[in-house]
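Down below is the structure, laid out as structure tokens.
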Amino acid sequence: MLLQHAIDEFLLYLEIEKNYSQHTLDGYSYDLKLFKDFLVKHDRSLALNDISKTLVRRFLQEKITKDKMQARTIHRKISCLRSFTKYCTRENLLMNDFMIGIETPKIDNKLPVYMTLPELQQLFRFLDGDTGRFSKRNNVMFKLLATTGMRRSELVDITWGQLNLSNNTIRIHGKGKKERLLPLHPIVIPLISSYKESLAEHLIHSSQPMFLNKNGYQLHSYGLHKIFKETLEKAGLPPKQFSLHHLRHTFATLLIQENKENVDLRTIQELLGHESLVTTQVYTHVDFEQKKKAIDSFNIFDSPLIKD
């Protein structure tokens, strides 16, 4: 069987049987296309059973050395290929799993990057004062991200039907099409109402996407990324320092820092839509002031047991 035929079968399986979101399907499709393009570029056979682990290693080596892909990105590429070959082996499309023996690179567990409260307030002040053509849309988009912690893919997929201004909630379709209901922060409610009133009636039908690009089509994640970078620069914040995902980190971090009496990790997990509490535990780093107080109160040097 040819590689492309197997890819088509695999993607159909993910869509129909696994019920994966379009965003996830696009990710798998992109990664598999990269691998196929590598084989074509180097005049290699596209027959599925002709692919070897050596070719996979050369593919990964090229991505690391020439394309400068980071360990986390390489990790996702390997994960995609593993899922693909596991499916092909199970369906008897592949005789020998060429991903067996391919190891994932070690990933450094870095602390999440996030905006400080003054930096977030600086962004908000710019959004409030902006009078551009898409200022109302942008104000709602970025304040929604910063006050709900939703993913950018979840934001661009929102339709007006997911919004309920009667009880001030928004229904999010997360990873694996799992739904979660998020409360809207009081600051975004009047902004949403104002934005909604500025749109033509046919654009606010329940089936319509909430956020459109300059051509009137649903805003794509890449477009949202570009708009965010431009907004950061206009707000006087470094575009290279922060990404849309950092707004998600900012939400979780500041929620714990500023309201630790009312927020626990389980609540953060539910708000972010994490499957495992382990993923959420990365945010335990944020309460630095509490750690500092603990260290400062560790008065071992005043102990009578310690002598010069």
Check: Is it the case that some residue within region 53-69 is touching a residue at least 40 places away in the same chain (Cβ under 8 Å), surrounded by 15 or more Cβ atoms within 10 Å (Cβ to Cβ), touching a helix residue (DSSP H, G or I) at 6+ places or on another chain (Cβ under 8 Å) and under 13 Å from L32 (Cβ atoms)?
Finding: yes
Check: Hey, among I227, I256, which residue is closer than 17 Å to V156 by Cβ, aliphatic (A, V, I, L, M) and in contact (Cβ under 8 Å) with a residue 24 or more places away in the chain?
Finding: I227
Notebook entry, point to check: Can you name the number of the only condition in (1) closer than 30 Å to L25 by Cα; (2) under 20 Å from the mean Cα position of the chain (by Cα) that T169 fails?
Noted result: (2)
Next item on the list: Specify the residue that is modelled with the highest pLDDT; the eligible residues are those in region 179-225 that are surrounded by 12 or more Cβ atoms within 10 Å (Cβ to Cβ) and among the basic types (K, R).
Entry: K196
Check: Going by the structure shown, is I78 in contact with an Asp or Glu (Cβ under 9 Å, 6 or more places away or on another chain) and not charged (D, E, K, R)?
Finding: yes
Check: Among the residues of region 9-29, which ones are exposed (fewer than 13 other Cβ atoms within 10 Å of the Cβ) and in a helix (DSSP H, G or I)?
Finding: L12, I16, Q22
Next item on the list: Looking only at region 230-258, count how many residues are more than 21 Å from R171 (Cα to Cα) and surrounded by fewer than 16 Cβ atoms within 10 Å (Cβ to Cβ).
Entry: 9
Note to self: Of all residues being buried (at least 18 other Cβ atoms within 10 Å of the Cβ) and aromatic (F, W, Y) in region 125-170, which is modelled with the highest pLDDT? Just the residue, please.
What the structure shows: F126
Check: Are there any pairs, at least 6 apart or on different chains, whose C-beta atoms fall under 7 Å, with the first in region 195-220 and under 18 Å from G132 (Cα atoms) and touching a residue at least 40 places away in the same chain (Cβ under 8 Å) and the second surrounded by 12 or more Cβ atoms within 10 Å (Cβ to Cβ) and among the basic types (K, R), and if so, which?
Finding: Y195/K136; Y195/R137; S198/K136; F211/R137
Next item on the list: Might you let me know whether region 110-122 holds any residue that is at pLDDT below 95, over 18 Å from F251 (Cα atoms) and either surrounded by 15 or more Cβ atoms within 10 Å (Cβ to Cβ) or not assigned by TED's automatic domain parsing to the domain that holds I158 (or both)?
Entry: no
Notebook entry, point to check: If only one of I192, I187, I170 is β-branched (V, I, T) and assigned to a helix (DSSP H, G or I), which one is it?
Noted result: I192
Notebook entry, point to check: Residues L232, L203: which one is within 18 Å of D157 (Cβ to Cβ) and not in a loop (DSSP other than H, G, I, E, B)?
Noted result: L203
Notebook entry, point to check: Only one of (1) modelled with pLDDT of 90 or more; (2) part of a loop (DSSP other than H, G, I, E, B); (3) not small (G, A, S) is not met by P239, so which one is it?
Noted result: (1)
Check: R57 is checked against (1) under 30 Å from N139 (Cα atoms); (2) of a type outside the set (G, A, S); (3) part of a helix (DSSP H, G or I) and fails just one. What number does that condition carry?
Finding: (1)
Item checked: Condition broken by D67, with the remaining ones in (1) assigned to a helix (DSSP H, G or I); (2) under 24 Å from F242 (Cα atoms) satisfied -> (1)
Next item on the list: Could you check how many residues of region 127-161 are more than 15 Å from L219 (Cβ to Cβ), touching a residue at least 24 places away in the same chain (Cβ under 8 Å) and assigned to a helix (DSSP H, G or I)?
Entry: 6
Notebook entry, point to check: Take the residues of region 31-52 that are under 32 Å from the mean Cα position of the chain (by Cα) and exposed (fewer than 12 other Cβ atoms within 10 Å of the Cβ): which is nearest to K77 (Cα to Cα)?
Noted result: D37
Next item on the list: Would you check which residues across region 70-89 are free of Cβ contacts under 8 Å to residues at least 40 places away in the same chain and either hydroxyl-bearing (S, T, Y) or not assigned by TED's automatic domain parsing to the domain that holds Y13 (or both) and list them?
Entry: T73, S79, T85, T89
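The values are calculated or read from the model by the stated rules, or taken from the named source; none is laboratory data. This is a predicted model, so every value here is computed, not measured. Backbone-built Cβ (ideal geometry, glycine too); neighbour counts: all protein chains shown.
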